[in-house]
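Scroll down for the structure; my scribbles are underneath it.
The values are calculated or read from the model by the stated rules, or taken from the named source; none is laboratory data. Computed from a predicted model, the values in this text were never measured in an experiment. In this analysis, Cβ positions are derived from the backbone assuming ideal geometry, glycine residues included, and neighbour counts consider all displayed protein chains. For the accessible areas, the whole protein counts, side chains as well, though only heavy atoms, and no ligand, DNA or RNA atoms are used. Shrake-Rupley method; radii C 1.70, N 1.55, O 1.52, S 1.80 Å.
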Amino acid sequence: MEAKKIVHLQFKEPYNGETDFYFGSLKAIYDTVPIGAVGITYKSLTNATRGRSEYENKKVLIRIGQIQRKTRGRSLKSECDG
């Protein structure tokens with residue numbers, strides 16, 4: 001399995017009717033959501049999350065984690081069968 005970064009953006013009050021958004025990077029948040037809705041600029045967010053997996057302000061909670069994905073190629077099951 002390989003791990004890929006995932007960013008969960010959770011609004012405390014719905015934004016466009018939604019409270020949960022998922023992104024592959026912090027930068028990707030700002031392609032979808034304006035700075036004013038997030039309540040922090042990209043540069044400040046990268047500084048605030050350096051060495052941390054969470055950030056919270058009065059508008060949002062941002063969690064940075066990893067999503068487990070199956071690697072391409074042969075599965076473990078087929079290797080064990082052989």
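If packing is taken as the average count of other Cβ atoms within 10 Å, what order do 63-69, 43-49 fall into, highest mean first? Walk me through the numbers before you get to the answer.
Values: 63-69: 11.9, 43-49: 14.1.
Highest mean packing first, the order is 43-49, 63-69.
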Calculate, for the chain, the solvent-accessible area per residue in square angstrom, rolling a 1.4 angstrom probe over the heavy atoms of the protein chains.
72
Neighbours of Gln68 by Cβ distance under 15 Å: Lys/Arg at +1, Asp/Glu at -1, summed charge +4
Taking the convex hull of Cα positions in the chain, its mean projected area over all directions (nm²):
7.0
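Where the accessible area of region 5-66 is counted over protein heavy atoms with a 1.4 Å probe, how much of it, in %, is carbon and sulfur?
Working: 1820 of 3830 Å².
Ligands and nucleic acids excluded, carbon and sulfur give 47 percent.
Within a Cβ distance under 12 Å of Ser53, other residues only, what is the Lys/Arg minus Asp/Glu net charge? Don't skip to the end; give the middle numbers.
Details: positive: Lys5, Arg50, Arg52, Arg63; negative: Glu54, Glu56.
Net local charge, Ser53 excluded: +2.
How big is the dipole moment of the chain about its Cα centre under a simple scheme where the beta carbon of each Lys and Arg is +1, that of each Asp and Glu is -1, and everything else is neutral? Debye, nearest 20, please. Please report the intermediate quantities before stating the final value.
Details: 15 positive and 9 negative charges, 58 e Å.
So the magnitude is around 280 debye.
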Give me the one-decimal nm value for the distance between modelled label points at Glu2 and Thr71, 7 Å along each residue's Cα-to-Cβ direction.
0.9
